[in-house]
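Novice: This is the structure I have questions about; it appears just below.
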Amino acid sequence: MNTKFILVLILTIFILSFLILNKNLDYSEFTEIENINIKFTNSGAAIILENNCYGLKFYTTREQAQNIEIALKNIRTERPLTHDLIIYIFEEFNLNIKELRIIKLKNGIYYANLIFDNLFWYSNLDLRPSDGVAIALRAKIPIFVKKELAENKCISNIL
C-alpha cells in the first residue's frame with residue numbers, strides 16, 4: 001500500500017511538473033530576431049536586432065558590443081569571458097536557458113528577461129538586453145522582442 005502511494009505521488013509530481021514547464025508561453029506579442037548587427041560609434045555601439053518585418057536598435061558600451069561580436073563570430077578566447085561563465089554556472093546547476101525576451105522600455109532603458117527552467121520549475125532573470133544578447137548567442141537560444149518596442153518595417157502605406 002505504501003509503495004502504491006509513493007508511485008502515485010511520483011507520477012503526480014512528474015505530470016504536474018510537465019504541465020507547468022510546458023505551459024504555452026504567449027508569443028503573439030513578440031517577434032523572433034533573425035539578424036544581429038553591430039555599428040560601432042565613437043562613444044559606444046548600436047546593437048541592431050531585426051527580422052524581415054521588425055527592427056530594434058539600442059545603444060551599449062564598446063566592451064559590451066565587443067562581447068556580442070565575439071559571440072556572433074564564434075571566436076574562442078583563451079580564458080572564459082563573463083558571459084561564458086554565466087552559461088557554465090547555469091549548466092552546472094542543470095538549468096536550461098530557453099530564450100531571451102526584450103520586454104519593455106522605461107525611462108529610455110530597455111529591459112530583458114532570460115527565461116530558464118529545470119526539471120521542476122520555470123523562471124526568469126531580469127538583465128540588460130546587451131548581456132542577454134551576449135548570453136543568447138553563446139547559448140544558441142532564440143531572442144524575442146516585444147513587437148510594440150520594435151519598428152515595424154512591413155506596414156504598407158498603400159490603402
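Read the figures in this text as sums done on the coordinates, not as results from a lab. All of these numbers come straight from a predicted model, not from anything done at the bench. For neighbour counting, all protein chains shown are included, and Cβ atoms are generated from backbone atoms with ideal geometry for every residue, glycine included.
Novice: Given only helices, namely DSSP H runs of n ≥ 4 each adding -39500 (n - 2.57), what is the per-residue ellipticity at 222 nm of the chain, to the nearest 500 deg cm²/dmol? Write down the numbers at each step before the final one.
Specialist: Working: 4 runs with 53 residues, N = 159.
Per the formula, -10500 deg cm²/dmol.
Novice: Can you work out the FRET efficiency for the pair residue 96 and residue 6, with r the C-beta to C-beta distance and R0 = 41 Å, to the nearest 0.05?
Specialist: Working: r = 27 Å, r/R0 = 0.66.
It comes out at approximately 0.90.
Novice: Can you give the angle from 0 to 90° between the axis of helix 2-21 and the longest principal axis of the chain, with both taken from C-alpha atoms, to the nearest 10?
Specialist: 10 degrees
Novice: Can you compute the FRET efficiency between residue 76 and residue 27 using 1/(1 + (r/R0)^6), with r the Cβ-Cβ distance and R0 = 30 Å? Round to the nearest 0.05. Please list the in-between numbers first.
Specialist: On the way: r = 33 Å, r/R0 = 1.09.
For residue 76 and residue 27, the calculated efficiency is 0.35.
Novice: Which FRET efficiency value, to the nearest 0.05, do you get for residue 126 and residue 35 by plugging their Cβ-Cβ distance into 1/(1 + (r/R0)^6) with R0 = 22 Å?
Specialist: FRET efficiency, residue 126 to residue 35: 0.30.
Novice: Related question: Compute the length gained on full extension between residue 85 and residue 106: take 0.36 nm times their separation in residues and subtract their Cα-Cα distance, giving the result in nm to one decimal.
Specialist: Numbers: separation 21, 0.36 × 21 = 7.56 nm, distance 2.88 nm.
Extra length available between residue 85 and residue 106 comes to 4.7 nm.
Novice: Number of Lys-Lys pairs in region 26-152 under 25 Å by Cα, sequence gap 8 or more or different chains?
Specialist: 25
Novice: Assuming 0.36 nm per residue, please report the length gained on full extension of the stretch residue 152 to residue 118 beyond their Cα-Cα distance.
Specialist: On the way: separation 34, 0.36 × 34 = 12.24 nm, distance 3.48 nm.
Result: 8.8 nm gained on full extension.
Novice: Among (i) 126; (ii) 170; (iii) 153, which one is volume of the Cα convex hull per residue in Å³ computed from these coordinates?
Specialist: Looking at volume of the Cα convex hull per residue in Å³ for this model, the match is (iii).
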